[in-house]
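Novice: This is the structure I want to talk about, given as structure tokens.
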Amino acid sequence: MAALGAAAAAAGCSSRPGASAAPATPARTTSSPGAAEPFTSAAADKRATLLQVMAHPDDDLYFMNPDNEHVLRSGVPVVSVYVTAGEALGLNRVAGRPLPPPDKAAYSAARHQGLRQAYAQMLGLHQFTPWHRSVLSLPGGVKAETNVLANGARRVRLIFLNIAMLSEGHQRMPDLWDTPGAVMRTLLAEGSPVTHPSSYVHQTLVDVLAEIMDRYRPTLIHTLDPDPDFQIHDALHPKDNDQPGCSDHRDHTPVALFTWKAIAQWAAESTRRDKEAPRFTTTSFRGYYNQRWPHNLPPAVLAQKARVIKAYGGSPEWECGDAAGCGDYSQGGARPLRNRKGWIRSTHYRYPSALPTPTIDREGRLVAYGVLGTQAVRWRETARGSGRFGAPLGLGGGPLAPALTAVTDSAGRHVLLALRFAALDGQGGANLREIVALEQSRPNGPFRAWTGLGTPEADPQHGRRVGCPAAVATPDGKIHLFVRTAEKGLATRVRDADGRWAPWERLGGAEIQDGLTALVDREGRAHVVAPGRDTVHHWSQEQPGGPVTLRPSAGLPRPGGNQIGAAIAPDGSLSLIYRTPAATVPAVHGTENRTLRHFEGYGAIAAHTVPEPAKDGDDHKAATLLLLGRGLDGDVQVQWGTGPGDRPLRSPGHLTPVGTPALLTDPGQGACVVGIAPDATPWVWRPRPTSTA
């Protein structure tokens with residue numbers, strides 16, 4: 001147990017979340033705005049590829065689905081990399097039967113076969129369809145098994161690095177990340193075309209992942225959570241499969257850190273070599289976090305996810321043609337749905353910010369800010385109302401997490417706030433995060449240099465747990481920045497009208513999820529809402545210019561998602577729109593409470609108050625709520641109004657967003673939905689109001 005605790009602490013978690021450490025230092029370097037090379041042109045290279053990096057076989061199925069299946073179904077090729085062999089104790093357990101003798105090579109191979117079954121099914125093929133299996137040569141003399149299967153334009157490649165979960169000398173993945181000189185060996189899976197083991201040191205794994213990125217040129221990368229929440233383990237919250245002190249597996253965290261370090265290395269090396277930066281975006285997914293918070297997938301989405309995991313789990317009765325086994329039997333049948341840990345019942349983003357963040361410039365053109373290739377970028381509409389963006393302008397600042405927000409201050413200047421990987425050293429070195437800011441010198445003008453704002457945490461381990469920045473600009477010239485803290489409360493930092501940032505201040509509150517929603521009411525007061533464990537938490541100013549404080553609980557129902565739709569209702573009150581746990585339809589909570597029975601879907605909801613759609617012969621300019629969300633199939637949908645006759649409008653061409661799309665309303669141009677496609681290019685949808693029954 002002592003060795004296990006030390007390994008987990010090395011990966012970034014501690015069994016004593018309150019332990020102190022040296023204060024975090026500011027970011028070592030920041031790029032000047034516009035200093036980045038041009039990005040790979042989407043027009044010249046229209047290929048899209050999803051690259052996923054997981055610790056174990058099945059991490060993608062449990063934690064990244066339904067997103068990866070939606071991307072695959074849209075015709076985007078998928079490359080999935082599994083870093084460890086997933087051999088555990090070598091026991092392929094079958095419920096109701098005696099335990100088999102341990103066989104790590106066979107169990108690893110059976111899990112590989114389970115993945116082939118699952119992805120064949122996602123491709124629309126019979127689950128026992130044969131794959132082409134071969135050997136991939138990688139840096140450092142490493143050999144890995146690769147499996148390929150296609151169905152028309154749909155194509156999947158599985159890459160098994162097969163590093164033993166427990167290597168010689170009791171070395172584990174946390175040691176490879178943080179212990180200088182650590183060496184790990186691969187496990188040869190039964191029946192694999194790889195016949196000789198490979199050795200890995202820290203830099204080998206970084207180089208291997210960076211080489212895979214360079215070889216397959218992904219436009220979308222899925223990773224696990226590099227900075228999981230602290231978690232107290234007690235009778236109410238048993239440790240189960242968690243690492244000490246955190247809500248995730250001890251392999252998930254270092255594999256995510258290795259992936260982010262490889263992303264930064266690949267982006268830098270590729271830019272130096274090609275004189276243009278690779279065009280990609282990134283999504284990180286929570287892991288065992290799913291066990292600790294209310295479930296957010298409705299029955300229809302859960303059933304589809306369970307269908308895929310059932311194919312992965314397989315059965316000893318199946319005849320798949322693999323002597324080692326036909327899946328990970330403990331995950332077969334309905335067992336994942338019956339498991340009290342509930343991992344299957346949620347999909348959570350580590351960085352739930354909407355990307356890109358849209359706004360309007362002084363010429364009335366749509367401007368969107370986002371993170372591309374780990375750098376901040378700006379897209380600008382080619383002409384007002386064109387719905388087409390020009391080439392992205394690199395604004396530097398990276399490596400950034402996909403957690404960026406943009407606001408326009410009272411003087412008309414754009415201010416960007418992002419979460420930066422200030423250090424990702426590993427091997428006992430620094431591992432730091434910080435919030436950074438970028439401000440225009442004047443409206444429509446150039447940007448100043450990036451500014452480091454630190455975090456509200458003095459301990460760097462706590463600083464890693466800081467959430468996505470959310471911000472609003474108030475009419476008094478201030479900008480209010482909000483972040484979730486390591487203790488799962490709320491903190492703020494305020495910029496005054498002269499551009500000076502006040503110190504961080506903690507605003508308290510009970511435990512909340514990340515995914516803050518901030519807005520300003522008609523009186524100019526800032527509001528923040530966030531989903532908690534049992535209700536929605538609300539902070540606001542009592543009067544314009546006053547401090548933001550926690551408001552008394554309103555007794556709202558338990559939220560299921562990790563982002564609350566919020567808008568100032570037509571009568572000036574605050575309306576909140578969200579789903580309860582595992583619910584298909586959301587409800588509006590405010591002056592009037594009602595269920596939106598036709599707005600079926602899952603995930604985050606955004607809301608704005610807009611003029612009500614005009615009816616024939618009616619000049620009345622009433623206001624209504626406009627809602628944005630995802631349907632049950634993952635497609636984007638909007639709805640004008642919350643009445644029983646209002647219906648959602650689906651996006652044309654079945655737009656597949658990466659992460660959470662954004663909603664912007666402009667009095668001159670109406671509603672605008674902006675999102676990022678799997679090919680790392682932004683799209684614009686200007687929906688017209690739906691009709692009512």
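Novice: Can you name every residue in the range 408-459 that is among the small types (Gly, Ala, Ser) and in a loop (DSSP other than H, G, I, E, B)? If you could, list the steps in order and put the result at the bottom.
Specialist: Within the range 408-459, the subset among the small types (Gly, Ala, Ser) is 410-412, 418, 422-423, 426, 428-430, 437, 441, 445, 449, 452, 454, 458.
Selection gives Ser410, Ala411, Gly412, Gly426, Gly428, Gly429, Ala430, Ser441, Gly445, Ala449, Ala458.
Novice: When you look at Asp58, is it farther than 28 Å from Arg279 by Cα, open to solvent by 10 Å² or more (accessible area, probe 1.4 Å) and not β-branched (Val, Ile, Thr), yes or no?
Specialist: On the way: farther than 28 Å from Arg279 by Cα: no; open to solvent by 10 Å² or more (accessible area, probe 1.4 Å): yes; not β-branched (Val, Ile, Thr): yes.
The answer is no for Asp58.
Novice: I've got another one for you. Tell me, yes or no, whether the range 540-550 has at least one residue that is among the hydrophobic types (A, V, I, L, M, F, W, C), touching a residue at least 24 places away in the same chain (Cβ under 8 Å) and open to solvent by less than 10 Å² (accessible area, probe 1.4 Å). Let's see the steps before the verdict.
Specialist: Of the range 540-550, the ones among the hydrophobic types (A, V, I, L, M, F, W, C) are 548, 550.
Then drop every residue that is not touching a residue at least 24 places away in the same chain (Cβ under 8 Å), which leaves 548, 550.
Filter once more, keeping what is open to solvent by less than 10 Å² (accessible area, probe 1.4 Å): none.
No, that holds for no residue.
Novice: Condition check: open to solvent by 10 Å² or more (accessible area, probe 1.4 Å) and over 24 Å from Cys13 (Cα atoms). Does His196 satisfy that? Give the derivation first.
Specialist: On the way: open to solvent by 10 Å² or more (accessible area, probe 1.4 Å): yes; over 24 Å from Cys13 (Cα atoms): yes.
So His196 fits the description; yes.
Novice: Turning to a different aspect of this structure: Can you name every residue in the range 502-523 that is crowded, with 19+ Cβ neighbours inside 10 Å and more than 24 Å from Ala606 (Cα to Cα)?
Specialist: Passing the criteria: only Trp504.
Novice: Follow-up question, since we're still on this one. Regarding Thr281, is this residue under 26 Å from Trp685 (Cβ atoms) and either buried (at least 18 other Cβ atoms within 10 Å of the Cβ) or aromatic (Phe, Trp, Tyr) (or both)? Don't jump to the end; show me each part of the working.
Specialist: Numbers: under 26 Å from Trp685 (Cβ atoms): yes; either buried (at least 18 other Cβ atoms within 10 Å of the Cβ) or aromatic (Phe, Trp, Tyr) (or both): yes.
In short, yes.
Novice: Condition (residue is among the polar types (S, T, N, Q), more than 30 Å from Val673 (Cβ to Cβ) and either more than 27 Å from the chain's Cα centre (by Cα) or at pLDDT 95 or above (or both)) applied to the range 373-390: is it met by at least one residue?
Specialist: Let us first name the residues in the range 373-390 that are among the polar types (S, T, N, Q), namely 374-375, 382, 386.
With the extra rule that they be more than 30 Å from Val673 (Cβ to Cβ), the set shrinks to none.
No - not one qualifying residue is present in the range 373-390.
Novice: Please go through the range 646-680 and give me each residue that is open to solvent by 30 Å² or more (accessible area, probe 1.4 Å) and among the β-branched types (Val, Ile, Thr), ordered by number.
Specialist: Residue satisfying the conditions is Thr665 alone.
Novice: What number of residues in the range 208-253 are open to solvent by less than 10 Å² (accessible area, probe 1.4 Å), out of contact with any strand residue (DSSP E or B) (no Cβ under 9 Å at 6 or more places or on another chain) and of a type in the set (Val, Ile, Thr)? So that I can check it myself, show each step before the final result.
Specialist: Of the residues in the range 208-253, the ones open to solvent by less than 10 Å² (accessible area, probe 1.4 Å) are 208-210, 212-213, 218-229, 242-243, 245-248, 251-253.
After this cut, where a residue has to be out of contact with any strand residue (DSSP E or B) (no Cβ under 9 Å at 6 or more places or on another chain) as well, the list is 210, 242-243.
Those still in the list that are of a type in the set (Val, Ile, Thr) too: none.
So the count comes out to 0.
Novice: Do you know which residues across the range 121-157 are out of contact with any strand residue (DSSP E or B) (no Cβ under 6 Å at 6 or more places or on another chain) and outside any strand (DSSP E or B)?
Specialist: Gln121, Met122, His126, Gln127, Phe128, Thr129, Pro130, Pro139, Gly140, Gly141, Gly152, Ala153
Novice: Sticking with this one: With the requirement that a residue be over 17 Å from Asp59 (Cα atoms), surrounded by 14 or more Cβ atoms within 10 Å (Cβ to Cβ), touching a residue at least 12 places away in the same chain (Cβ under 8 Å) and not charged (D, E, K, R), what does the range 93-119 give you?
Specialist: Selection gives Val94, Ala105, Ala106.
Novice: Another question, then. Quickly run through the range 557-594 and pick out the residues that are closer than 30 Å to Asn65 by Cβ, modelled with pLDDT under 95 and open to solvent by 30 Å² or more (accessible area, probe 1.4 Å).
Specialist: Of everything in the range 557-594, just one residue is closer than 30 Å to Asn65 by Cβ, modelled with pLDDT under 95 and open to solvent by 30 Å² or more (accessible area, probe 1.4 Å), namely Gln563.
Novice: Could I ask something else about it? Looking at the range 617-635, I want the residues that are buried (at least 18 other Cβ atoms within 10 Å of the Cβ) and modelled with pLDDT of 95 or more and have a partner that is assigned to a loop (DSSP other than H, G, I, E, B) and β-branched (Val, Ile, Thr) with Cβ atoms under 9 Å, at least 6 apart or on another chain. Which pairs are those?
Specialist: Between residues of the range 617-635 that are buried (at least 18 other Cβ atoms within 10 Å of the Cβ) and modelled with pLDDT of 95 or more and residues that are assigned to a loop (DSSP other than H, G, I, E, B) and β-branched (Val, Ile, Thr), the close pairs are Leu627/Thr642.
Novice: Scan the range 600-607 and give yes if some residue there is open to solvent by less than 20 Å² (accessible area, probe 1.4 Å), part of a loop (DSSP other than H, G, I, E, B), over 21 Å from Ala554 (Cβ atoms) and touching a strand residue (DSSP E or B) at 6+ places or on another chain (Cβ under 9 Å), otherwise no. Lay out the reasoning, then the answer.
Specialist: Residues of the range 600-607 open to solvent by less than 20 Å² (accessible area, probe 1.4 Å): 601-602, 605, 607.
Filter once more, keeping what is part of a loop (DSSP other than H, G, I, E, B): 601.
Then drop every residue that is not over 21 Å from Ala554 (Cβ atoms), which leaves 601.
Pick out the ones that are also touching a strand residue (DSSP E or B) at 6+ places or on another chain (Cβ under 9 Å) and you get 601.
Checking the range 600-607: at least one residue is open to solvent by less than 20 Å² (accessible area, probe 1.4 Å), part of a loop (DSSP other than H, G, I, E, B), over 21 Å from Ala554 (Cβ atoms) and touching a strand residue (DSSP E or B) at 6+ places or on another chain (Cβ under 9 Å).
Novice: Tally the residues that are among the basic types (Lys, Arg) and over 31 Å from the mean Cα position of the chain (by Cα), restricting the search to the range 86-132.
Specialist: 3
Novice: Can you tell me which condition Leu297 does not meet? The list is (1) assigned to a helix (DSSP H, G or I); (2) of a type outside the set (Val, Ile, Thr); (3) closer than 29 Å to Ala604 by Cα, and all the others hold.
Specialist: Single failed check for Leu297: (1).
Novice: Moving to a separate point now. Just checking, does the range 335-343 include any residue being part of a loop (DSSP other than H, G, I, E, B), out of contact with any helix residue (DSSP H, G or I) (no Cβ under 8 Å at 6 or more places or on another chain) and touching a residue at least 40 places away in the same chain (Cβ under 8 Å)?
Specialist: At the first step, the residues of the range 335-343 found to be part of a loop (DSSP other than H, G, I, E, B) are 339-342.
From what is left, the residues that are out of contact with any helix residue (DSSP H, G or I) (no Cβ under 8 Å at 6 or more places or on another chain) are 339-340.
Okay, now just the ones that are also touching a residue at least 40 places away in the same chain (Cβ under 8 Å), so none.
No, that holds for no residue.
Per-residue answers, yes or no, for (1) open to solvent by 20 Å² or more (accessible area, probe 1.4 Å); (2) part of a loop (DSSP other than H, G, I, E, B); (3) of a type in the set (Asp, Glu); (4) touching a His at 6+ places or on another chain (Cβ under 8 Å):
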residue	(1), (2), (3), (4)
Ile309	no, no, no, no
Glu317	yes, yes, yes, no
Gly327	no, yes, no, no
Glu363	yes, yes, yes, no
Arg380	yes, no, no, no
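Novice: What pairs come out if I take residues in the range 253-280 that are farther than 19 Å from Val658 by Cβ and in a loop (DSSP other than H, G, I, E, B) and pair them with residues that are open to solvent by 10 Å² or more (accessible area, probe 1.4 Å) and not small (Gly, Ala, Ser) whose C-beta lies under 6 Å away, six or more apart or interchain?
Specialist: Short answer, once both residue conditions are applied: Lys275/Glu37; Glu276/Glu37; Glu276/Pro38; Glu276/Thr40.
Novice: Given Ala189, Ala182, which one is over 29 Å from Ala323 (Cα atoms), more than 29 Å from the chain's Cα centre (by Cα), of a type in the set (A, V, I, L, M, F, W, C) and modelled with pLDDT of 95 or more?
Specialist: Residue meeting the stated conditions: Ala182.
The values are calculated or read from the model by the stated rules, or taken from the named source; none is laboratory data. Just so it is clear, the structure is predicted and the values come from calculations on it, not from any experiment. Neighbour counts are summed over all protein chains in view; Cβ atoms, including those assigned to glycine, are modelled from backbone coordinates with ideal geometry. Please note that ligands, DNA and RNA were not included when accessible areas were found on the heavy atoms of the full protein model with its side chains. Shrake-Rupley method; radii C 1.70, N 1.55, O 1.52, S 1.80 Å.
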